[in-house]
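Engineer: Starting off with a structure, shown below.
None of the figures in this text is laboratory data; all of them are computed from the coordinates on show. This is a predicted model, so every value here is computed, not measured. A quick note on method: Cβ atoms are made from the backbone with ideal geometry, for glycine too, and the neighbour counts reach across all protein chains shown.
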Amino acid sequence: MTPQGRSDVSDRTRHPEWNRRIAVILNPGAGRGQGARRRTELEALLRSWTARAADAEWRIVETTAAGTAGALAGQAVEQGANIVTAAGGDGTLNEVINGIVGSGAICALLPLGTGNDFARHIGLNTDLDRSVRNLFEGQPQPVDLGRAGDRWFVNIAGCGFDALVAERINRGVRHLHGAAAYVVAVCQCLRTFKAAQMSLVLDGRQMETRAVMCSVANASSYGGGMLVAPGAKIDDGLFDICLLLDAGRIEFLRAFPRVFKGTHISHPKVTMLTAAEISINSVPPLPILIDGDVVGTTPVTFTMHRHALQMLMR
């Protein structure tokens with residue numbers, strides 16, 4: 001790894017027992033260009049913290065197109081990085097995780113996206129200074145990962161209406177982003193979406209129901225702050241599953257705002273479950289959502305892998 005910010009200063013951080021070789025995978029398009037606009041600020045913060053940390057080094061690698069962050073993350077590990085940092089949104093974080101899981105490298109996050117839901121869950125919010133400080137002072141903590149086929153995820157997956165909404169957002173909601181874009185997309189998708197017959201198997205238990213969506217959560221929120229699973233923990237070895245049963249459009253719209261406070265879980269059409277594995281089949285087939293990306297249709301099986309990743313957290 002070629003260092004940019006190596007320091008000869010003799011003072012140490014609070015945790016000098018291991019050298020931090022940091023690779024920052026920067027998505028310049030994250031947050032509608034926020035990644036590119038804040039690169040100079042990011043470099044200044046990295047230089048400032050490196051001056052206080054002996055034996056720390058860093059470099060920034062920019063993604064060149066959507067889907068390249070994972071490959072760049074894997075290359076960074078091969079070149080000697082032991083901390084690989086996703087500088088972007090939840091999608092960039094997902095790609096980086098898929099590029100390094102199983103390598104022994106530690107993951108970190110610099111929230112520069114529009115939603116930044118996982119950053120919010122672990123207490124980083126959108127504070128770039130605090131997030132850079134975490135690179136130099138944070139310690140590795142075990143984090144659970146979900147898996148569907150060969151795709152790992154750290155935040156939220158599922159199928160149904162929320163996947164359709166995400167697909168609409170990914171195509172672009174004019175002049176809007178974050179929670180506002182999600183609300184508009186919800187209203188647009190409600191016009192045509194209908195509930196599906198779902199067959200679920202949760203840790204071997206069979207369940208039949210008619211539902212609008214099934215969210216499979218490792219962390220608590222998506223869509224820029226929608227607390228779909230307010231009680232979710234990222235280290236308990238279980239998914240928190242939010243099942244929204246068949247509801248009319250008016251009933252849905254009345255109840256929808258409650259998700260921003262997490263109070264939807266007491267609604268009679270919402271069922272909350274936990275499981276380490278869930279298989280979902282549906283008629284008709286439903287789109288599958290994994291950390292904000294729509295990937296195929298049901299049937300699908302989500303499996304929990306406890307403590308599959310180490311992540312820097314203060």
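Engineer: Tell me the angle of helix 161-171 to the major Cα principal axis of the chain, expressed in degrees between 0 and 90 and rounded to the nearest ten.
Structural biologist: The helix 161-171 is inclined about 50 degrees to the chain.
Engineer: Between region 236-272 and region 61-111, what is the separation of their alpha carbon centroids in Å?
Structural biologist: Centre-to-centre distance over Cα atoms comes out at 33 Å.
Engineer: Quick check: from the Cα gyration tensor, does region 21-137 come out rounded (a/c under 1.5), prolate or oblate? Kindly include the intermediate steps, with their values, before the conclusion.
Structural biologist: Working: a/c = 1.37, a/b = 1.04, b/c = 1.32.
Since a/c stays below 1.5, the shape of region 21-137 is classed as rounded.
Engineer: Also: Select one label from [x] 45, 23, 13; [y] 29, 24, 17; [z] 37, 20, 16: the one whose number is semi-axes √(5λ) of the Cα gyration tensor in Å as derived from the coordinates shown.
Structural biologist: So the calculated entry is the one marked [z].
Engineer: Further, regarding this structure: Can you compute the helix-only [θ] at 222 nm over the chain? Use -39500 (n - 2.57) per DSSP H run of at least 4 residues, normalise by all residues, nearest 500 deg cm²/dmol. Could you put the intermediate results ahead of the total?
Structural biologist: On the way: 9 runs with 86 residues, N = 314.
When only DSSP H runs of four or more count, the value is -8000 deg cm²/dmol.
Engineer: Using a cut-off of 27 Å between alpha-carbon atoms, which lysines can reach Lys194, once sequence neighbours fewer than 8 places away in the same chain are excluded?
Structural biologist: Once the sequence-local lysines are set aside, what remains near Lys194 is Lys261, Lys269.
Engineer: Evaluate the relative contact order of the chain (contact order divided by residue number), counting alpha-carbon pairs under 8 angstrom at least 6 apart; express in whole percent. If you can, show how the numbers build up before the last one.
Structural biologist: Details: 734 pairs, mean separation 60.0, N = 314.
Once divided by the residue count of the chain, the mean separation gives 19 percent.
Engineer: Here is a follow-up. In a shell of Cβ-Cβ distance under 12 Å around Val201, excluding Val201 itself, what net charge do Lys and Arg (+1) and Asp and Glu (-1) give?
Structural biologist: Details: positive: Arg205; negative: Asp203, Glu208, Glu277.
Local charge sum for Val201: -2.
Engineer: Another one. If packing is taken as the mean number of other Cβ atoms within 10 Å per residue, what is the order of 137-143, 71-77, highest first?
Structural biologist: Working: 137-143: 16.4, 71-77: 20.1.
Sorting 137-143, 71-77 by mean packing, highest first, produces 71-77, 137-143.
Engineer: Considering amide H positions built from the backbone, and no H for Pro or chain starts, which residues 5 or more places from Ala54, or on another chain, come under 5 Å of its amide H?
Structural biologist: Thr13
Engineer: Moving to a separate point now. So for Asp240, Asp246, Asp150, fewest C-beta neighbours within 10 Å to most, what's the order? Please report the intermediate quantities before stating the final value.
Structural biologist: Details: Asp240 23, Asp246 15, Asp150 6.
Placing the least packed residue first, the sequence is Asp150, Asp246, Asp240.
Engineer: For Gly158, which sequence-distant residues (separation of 5 or more, or a different chain) have an amide H within less than 5 Å of its own amide H, given hydrogens modelled in the peptide plane?
Structural biologist: Amide H neighbours of Gly158: Val216, Leu289.
Engineer: What list of ³J(HN,Hα) values in whole Hz, one per residue of region 131-148 in order, does the Karplus curve 6.51 cos²θ - 1.76 cosθ + 1.60 (θ = phi - 60°) give from phi, with Gly and Pro shown as x?
Structural biologist: Along region 131-148, the couplings run 5, 5, 4, 4, 4, 9, 10, x, 10, x, 10, x, 10, 6, 10, x, 9, 10 Hz.
Engineer: Let me ask something additional. By how many degrees, 0 to 90 and rounded to 10, does the Cα axis of helix 178-189 deviate from the longest principal axis of the chain?
Structural biologist: 30 degrees
Engineer: On to the next question. Val228's amide H: which non-local residues (gap 5+, or another chain) put their own amide H closer than 5 Å, with H modeled 1.01 Å from N in plane and none for Pro or chain starts?
Structural biologist: Here the answer is Tyr222, since their amide H atoms fall under 5 Å of that of Val228.
Engineer: Note down the relative contact order for region 21-137 as a percent, whole number, built from C-alpha pairs under 8 angstrom at least six residues apart.
Structural biologist: 31 percent
Engineer: Could you give the spread of the C-alpha atoms of region 153-306 along their three principal axes, from largest to smallest, in whole angstroms?
Structural biologist: 43, 31, 30
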